[in-house]
Amino acid sequence: MAQIRIENVRKEFGSFTAVQSSTFTVEDGEFFMLLGPSGCGKTTTLRMMAGLELPTSGEIYIDGEEVGMKPASQRDIAFVFQMFALYPHMNVRRNISYPLFSQGVPRAEVKARVAEVARILKIEDIIDKPVGGLSGGDRQRVALGRAIVRRPKAFLMDEPLGALDAEFREHMAEELRALHDRMGATTVYVTHDQLEAMQMGDKIVVMNHGVVEQFGKPQQIYDWPATKFVAKFIGSPAMNFLEFEGMVGIGANCIDLPGKRVDIPISRQGAKGKLTLGVRPENIHFSDASHYRGRVIATEYLGTTQIVTLTTPNGDVKARLASSQLINPGETIGLEFDRRTLTLFTEEKGRALLSEANEGVLQNG
Ligand SMILES: Nc1ncnc2c1ncn2[C@@H]1O[C@H](COP(=O)(O)OP(=O)(O)OP(=O)(O)O)[C@@H](O)[C@H]1O
Ligand SMILES: [Mg+2]
């Protein structure tokens, strides 16, 4: 069990900065997601935690101890890669027990620990089979088994399900989460899939171009994105951006869109000029009473819900509505927005303005 803290950690490769000064804490026992698009520095961050890469500057603490100079082998952390590297000429049992033999663990204990891992991962029936003929999912379980059997303080997983097909991925994701809930070991998990991060994570760090954009619980990040980047990256369809010129004073509780005064959470900061109102698709409702009108340009049927695209005076928006609601392309409809999760972004840096509703979340990083 371990707490892992990253403090002002930065990584340069020559003149290129892969990770800008990053700070966050993975609490003991958490299932922690490192999320972001390709090339944003997820793997580099994970490799620094593991000791496979040295930070250019900054500190990494494991259970309060600074580990900067400690080699990977002494950090008691298991790394699970996307491409599960198994020993093809050995059977499952040998693959799992190999790390223990190389640590000099007595034979009887190795036997007991491998049996326990096989039971946890439900691979008792394949334990004596060669790994060469196994399916992707079974190979992934064996790779996990080899990490678990060491009983490390923490697991670091770099897109461990990336090589599996969609259906199996979902199944393994559930298994991994259930396994974590049984064992309670701190896990840092890298993914570029926002749904996977939302479903599996206790907490999420969202990275972009080597910068930590936000850090928090999945629902906090979904409801209160700190930046436009996070707002676009999390959620499908993405948060709508309604652009307008205007002014928000400290303590303001509304903004003016063409033909409509919109109630917003009380603003703790002021701003003027180009502003963006962020609205989730499910927080848009149709109302004949509203003078803020949108014209339907498309509908997309998704089973229980439908996505309706509308043109408004502030740009196109997507609304998520019940499929039972009858909507015709071409018709013009009045729109209302839920006040609760409306987010205002300023133009420079695309940061969210602090409001009564999001201040607890945006100040936690
Ligand atoms: N050893 C290296 N030398 C030079 N540049 C590197 C090195 N390792 C990584 N980089 C660069 O640093 C940036 C971040 O890489 P990293 O592998 O951490 O990204 P990632 O978020 O894991 O991306 P992906 O989702 O594609 O795996 C990339 O632009 C990459 O090309
Ligand atoms: Mg990577």
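The values are calculated or read from the model by the stated rules, or taken from the named source; none is laboratory data. Just so it is clear, the structure is predicted and the values come from calculations on it, not from any experiment. All Cβ positions, even for glycine, are placed from backbone atoms using ideal geometry, and neighbour counts span all protein chains on display. Note: accessible area is taken over every heavy atom of the protein model, side chains too, but ligands, DNA and RNA are not part of it. Shrake-Rupley method; radii C 1.70, N 1.55, O 1.52, S 1.80 Å.
Taking the conditions exactly as written (more than 15 Å from Pro237 (Cβ to Cβ), open to solvent by 30 Å² or more (accessible area, probe 1.4 Å) and touching a Pro at 6+ places or on another chain (Cβ under 6 Å)), does Ala322 satisfy them or not? Talk me through it step by step, then tell me what you get.
Values: more than 15 Å from Pro237 (Cβ to Cβ): yes; open to solvent by 30 Å² or more (accessible area, probe 1.4 Å): yes; touching a Pro at 6+ places or on another chain (Cβ under 6 Å): no.
Here the answer is no, as Ala322 does not meet what is asked.
With part of a loop (DSSP other than H, G, I, E, B), hydrophobic (A, V, I, L, M, F, W, C) and crowded, with 18+ Cβ neighbours inside 10 Å as the only criterion, which of Leu164, Leu176, Leu242, Leu156 stands out? Working first, answer last.
Working: Leu176 fails: part of a loop (DSSP other than H, G, I, E, B); Leu242 fails: part of a loop (DSSP other than H, G, I, E, B); Leu156 fails: part of a loop (DSSP other than H, G, I, E, B).
Of the residues listed, the single one that is part of a loop (DSSP other than H, G, I, E, B), hydrophobic (A, V, I, L, M, F, W, C) and crowded, with 18+ Cβ neighbours inside 10 Å is Leu164.
Quick one: in the range 48-59, of everything that is in contact (Cβ under 8 Å) with a residue 24 or more places away in the chain and either among the charged types (D, E, K, R) or not in a helix (DSSP H, G or I) (or both), which residue is farthest from ligand 1 (Cβ to nearest atom)? Don't jump to the end; show me each part of the working.
The first filter runs over the range 48-59 and keeps only residues in contact (Cβ under 8 Å) with a residue 24 or more places away in the chain, leaving 48-53, 55-59.
Next, from what is left, pick out any that are either among the charged types (D, E, K, R) or not in a helix (DSSP H, G or I) (or both): 51-53, 55-59.
Numbers: Gly51: 15, Leu52: 11, Glu53: 8, Pro55: 13, Thr56: 12, Ser57: 16, Gly58: 15, Glu59: 19 Å.
The extreme case among them is Glu59.
Evaluate the range 208-229: report whether one residue or more is more than 16 Å from ligand 2 (Cβ to nearest atom), in a helix (DSSP H, G or I), open to solvent by 50 Å² or more (accessible area, probe 1.4 Å) and closer than 21 Å to Val19 by Cα.
The answer is yes; a qualifying residue exists.
Here's a check for you: in the range 31-50, which residue that is more than 18 Å from Asn8 (Cα to Cα) and within 9 Å of ligand 2 (Cβ to nearest atom) is least open to solvent (accessible area, probe 1.4 Å)?
To start, the set of residues in the range 31-50 that are more than 18 Å from Asn8 (Cα to Cα) comprises 31-33, 35-39.
From what's left, within 9 Å of ligand 2 (Cβ to nearest atom): 38-39.
Values: Ser38: 118, Gly39: 66 Å².
So the residue we want is Gly39.
All but one of (1) closer than 21 Å to Leu179 by Cβ; (2) modelled with pLDDT of 85 or more; (3) exposed (fewer than 13 other Cβ atoms within 10 Å of the Cβ); (4) not polar (S, T, N, Q) hold for Ile123; which doesn't?
(3)
What number of residues within the range 325-341 are open to solvent by 20 Å² or more (accessible area, probe 1.4 Å) and part of a strand (DSSP E or B)?
Going through the range 325-341 one residue at a time, the tally reaches 3.
In this structure, is Gly64 away from ligand 2 (no atom under 13 Å from the Cβ) and within 18 Å of Leu156 (Cβ to Cβ)?
no
Considering only the range 180-192, state which residues are surrounded by fewer than 19 Cβ atoms within 10 Å (Cβ to Cβ) and more than 16 Å from ligand 2 (Cβ to nearest atom). Full working, then the answer.
Of all residues in the range 180-192, those surrounded by fewer than 19 Cβ atoms within 10 Å (Cβ to Cβ) come to 181-184, 192.
Of everything in the range 180-192, those that are surrounded by fewer than 19 Cβ atoms within 10 Å (Cβ to Cβ) and more than 16 Å from ligand 2 (Cβ to nearest atom) turn out to be Asp181, Arg182, Met183, Gly184.
For the range 250-260, name all the residues that are assigned to a loop (DSSP other than H, G, I, E, B), open to solvent by 30 Å² or more (accessible area, probe 1.4 Å) and touching a Gly at 6+ places or on another chain (Cβ under 8 Å).
Going residue by residue through the range 250-260, those that are assigned to a loop (DSSP other than H, G, I, E, B) are 250-253, 258-259.
Those left that are additionally open to solvent by 30 Å² or more (accessible area, probe 1.4 Å): 250-251, 253, 258-259.
Hit for the range 250-260 is Ile250, nothing else.
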